[in-house]
Structure formats: structure tokens, C-alpha cells
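The values are calculated or read from the model by the stated rules, or taken from the named source; none is laboratory data. Keep in mind the model is a prediction, meaning the values are calculated, not measured. Quick reminder, even Gly has a Cβ in these numbers, built from the backbone with ideal geometry, and neighbours come from all protein chains shown. When the accessible area is computed, the model is the full protein with side chains, heavy atoms only, and any ligands, DNA or RNA have been set aside. Shrake-Rupley method; radii C 1.70, N 1.55, O 1.52, S 1.80 Å.
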Amino acid sequence: MMLAPALTPLSGLDATLAAQGFAVLNAQGLGEMLSAPPEALADWPAYWDRLPADGYLRDGGRYRRRRHSCFIVEGEVVTQVPHRPHWQPVSYNALHGGIERHFEPIEPSLVADPLWSRWLAGMAARASALRGPRTWYVEAHPFRIDTTDGIGRPTPEGAHRDGVDLVTVTLISRVGIKGGETRVFEAQGTAGQRFTLSEPFSTLLLDDERVIHESTPIQPLDPAVGGHRDTLVLTFRAGGFQGPDNS
């Protein structure tokens, strides 16, 4: 049985995030933030069908597909920056840190969708409520974790932080799988919660300074058919993008 997350309405999102270090917004709340019904995102899942394979998995797996693009958000103004590699320090990602990973950019037609900029600006406002108004350096990661290898690992690096200010994880779809449970722990304590995001476009927000997170592996309900879990992960960082010279 999947444990459902405790949901927070948009009106209480900032207060809940500040109080406990994480919050979950359902699809209706996301639609309120976007000033658009969830049905306005109906065409988005098709972009996840076209994600290229991740060639950097150091565990030898073939279960992850992804793209990556970077943006700067200043208030409601969202600007895509020239394509750049994704980089994390080893201290935050022991498995894949310390190397520049070059992924294909997000498809231009998705970035051009007005709801894309509205989404990034809306989540950046949550980061500003948490840390104070500032310029936000945003990395966007559409992921597909599938069961090509019989098991797929959403977080092969294990429970971790990302070295940013705010992380958002939006479930795009779950197809033919079990597992994929989300676990959130205090970074400086022992308390934790676990639940499974199952509603498309439900979104977990994480104060990356205060909590550690992971998702458990997925397995197919029918091995002959397989399955996958699609997410959109956004990270918001003040002061610049992570890189070898700005870690």
C-alpha cells in the first residue's frame, strides 16, 4: 500500500516549508500557482517520451533518461542561459560529483510554453519566501527512471542534499511500477517521513539546508511490459550555478 503525503494548500505553502523544511503541493495547488488548470499541462508528458539516455551512470545502469537546462529568475523574469554542463561537488554527490556532465538541453518548445516561465517564477517566489528576495540560479532536470534493468533507481547516490537552497520534485507520471517511495529526513536530526507521490503534477518542495531526501527503487508490476516514473526536478540556488569554481 502506498502512503499518501500530507498536502499543503498553496495559501499555506510558504509557512509549512519554513516550519518543517518540506511541503507537498497537489496538482490543484500547482494549477492555482500557475493561474491555469492542470489540464493546461496535458501535452507536457510527451516530452518525457523523448528524453535521451543518461550516459554518466557510474553503477553501469541503463535505467535513467534525462535532459538539463539552466535559467536565471529575477522576480517574474525568467531567462534561459547558454547551455552549460551539470556539476555537483563530491560532498553532495559521492557517486557522480566532481565531474562535468553534459546533457542534451530541454526541448525549445517546452521552454517556450508560457507555463514554463510561470512555473519557474512561481517556485522561485517560494525560494524567496524562504531565504529572502534575490536572484535565483535554476537548473531544470526532466527525468525518466525505467525498469530496463529490472529495477530503476531514482536516487542512485542515496539519501542526499543537492547543495542548493530549494529543490522541487514534480511527479509527471507513474506507469506500471511499484516502489518509488519518497523519504525525507532532518539533516540535523533523526525525524523523517515517507510517502509516495502518485498524483500527476503533485510537487514536493524541500529546504535543501534542512532536509535530506531520497526515492526508493522502482520495479515493474509486469516484467514483460516494464514501467517508468517521470519527474521534473528544479533546483534554486543563490549566488550562482554550481561549478568547479563556484561550489
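Looking at region 122-143, can you tell me whether even one residue there is touching a residue at least 40 places away in the same chain (Cβ under 8 Å) and touching a Pro at 6+ places or on another chain (Cβ under 7 Å)?
no
Hey, can you tell me all the residues within region 69-97 that are part of a loop (DSSP other than H, G, I, E, B) and either buried (at least 20 other Cβ atoms within 10 Å of the Cβ) or modelled with pLDDT under 70 (or both)? Please lay out each step first, then the result.
The first filter runs over region 69-97 and keeps only residues part of a loop (DSSP other than H, G, I, E, B), leaving 75-76, 81-85, 87-97.
Across region 69-97, the qualifying residues are Trp87, Gln88, Pro89, Val90, Ser91, Tyr92, Asn93, Ala94, Leu95, His96, Gly97.
Any idea which of Arg58, Arg66 is touching a Leu at 6+ places or on another chain (Cβ under 9 Å) and modelled with pLDDT under 85? Spell out the reasoning first.
Details: Arg66 fails: modelled with pLDDT under 85.
Of Arg58, Arg66, the one residue that is touching a Leu at 6+ places or on another chain (Cβ under 9 Å) and modelled with pLDDT under 85 is Arg58.
Is it fair to say Arg134 is under 21 Å from His83 (Cβ atoms) and more than 16 Å from the chain's Cα centre (by Cα)?
On the way: under 21 Å from His83 (Cβ atoms): no; more than 16 Å from the chain's Cα centre (by Cα): yes.
When the stated conditions are applied, Arg134 does not pass them.
Among what's in region 57-68 and is assigned to a loop (DSSP other than H, G, I, E, B) and more than 20 Å from Val164 (Cβ to Cβ), pick the residue that is most open to solvent (accessible area, probe 1.4 Å). Working first, answer last.
So the first thing to find is which residues in region 57-68 are assigned to a loop (DSSP other than H, G, I, E, B), and the list is 57-63, 67-68.
After this cut, where a residue has to be more than 20 Å from Val164 (Cβ to Cβ) as well, the list is 57-63.
Numbers: Leu57: 20, Arg58: 131, Asp59: 70, Gly60: 62, Gly61: 17, Arg62: 153, Tyr63: 1 Å².
Ranking the qualifying residues of region 57-68, first place goes to Arg62.
Which residues, counting only those in region 1-49, are farther than 18 Å from Leu197 by Cβ, outside any helix (DSSP H, G or I) and out of contact with any helix residue (DSSP H, G or I) (no Cβ under 8 Å at 6 or more places or on another chain)?
Correct list: Ala42, Asp43, Asp49.
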